[in-house]
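Everything on this sheet refers to the single structure shown next.
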């Protein structure tokens, strides 16, 4: 059984016991989250495709931790002008373990 679920504007294919990385969510670590925007649901025998979502389907998961990705360096330069600018950015993420897919 698997599902395609939309989380924070992105689509993820998930199965029970999967661990996924999504953009930062507001929930605390250890909290249970429910995602109602299930776009596709496959239970092994039938496939339900939503228009745009499958009604009555949801995906439940547990927030494992909040973290940041590796640093991305932004470097700007204009030649012969003496202009150089270095900045960095670390995107915040949330790691989730999928516990249940409900049809």
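Do we find that residue 10 is more than 13 Å from residue 98 (Cβ to Cβ), under 19 Å from the mean Cα position of the chain (by Cα) and surrounded by 16 or more Cβ atoms within 10 Å (Cβ to Cβ) in this structure?
Here the answer is no, as residue 10 does not meet what is asked.
Regarding the range 35-46, can at least one residue be identified that is over 11 Å from residue 98 (Cα atoms), loosely packed, with under 10 Cβ neighbours inside 10 Å and modelled with pLDDT of 95 or more?
Looking through the range 35-46, none of the residues is over 11 Å from residue 98 (Cα atoms), loosely packed, with under 10 Cβ neighbours inside 10 Å and modelled with pLDDT of 95 or more.
Residue by residue through the range 39-51, note down the ones that are in contact (Cβ under 8 Å) with a residue 40 or more places away in the chain and part of a strand (DSSP E or B).
Across the range 39-51, the qualifying residues are 41, 42, 48.
Among 46, 94, 32, 73, which is the only one that is out of contact with any helix residue (DSSP H, G or I) (no Cβ under 6 Å at 6 or more places or on another chain) and closer than 18 Å to residue 11 by Cα?
Result: 94 is the single residue among 46, 94, 32, 73 that is out of contact with any helix residue (DSSP H, G or I) (no Cβ under 6 Å at 6 or more places or on another chain) and closer than 18 Å to residue 11 by Cα.
Give 74, 96 a once-over and let me know the one that is more than 19 Å from the chain's Cα centre (by Cα) and either over 24 Å from residue 3 (Cβ atoms) or at pLDDT 95 or above (or both).
Being more than 19 Å from the chain's Cα centre (by Cα) and either over 24 Å from residue 3 (Cβ atoms) or at pLDDT 95 or above (or both) holds for just one of 74, 96, which is 74.
Considering the range 72-94 alone, what residues qualify as being surrounded by 10 or more Cβ atoms within 10 Å (Cβ to Cβ) and assigned to a loop (DSSP other than H, G, I, E, B)?
Of everything in the range 72-94, those that are surrounded by 10 or more Cβ atoms within 10 Å (Cβ to Cβ) and assigned to a loop (DSSP other than H, G, I, E, B) turn out to be 90, 91.
Identify all residues within the range 62-71 that are in a strand (DSSP E or B) and without any contact (Cβ under 8 Å) to a residue 40 or more places away in the chain; write none if there are none.
Those that are in a strand (DSSP E or B) and without any contact (Cβ under 8 Å) to a residue 40 or more places away in the chain: 62, 63, 65, 67, 68.
Of the residues in the range 1-26, how many are in a loop (DSSP other than H, G, I, E, B) and either over 16 Å from residue 64 (Cα atoms) or free of Cβ contacts under 8 Å to residues at least 40 places away in the same chain (or both)?
Residues in the range 1-26 being in a loop (DSSP other than H, G, I, E, B) and either over 16 Å from residue 64 (Cα atoms) or free of Cβ contacts under 8 Å to residues at least 40 places away in the same chain (or both): 5 in total.
The values are calculated or read from the model by the stated rules, or taken from the named source; none is laboratory data. This is a predicted model, so every value here is computed, not measured. Ideal geometry is used to build each Cβ from the backbone, glycine not excepted, and the neighbour counts take in all protein chains shown.
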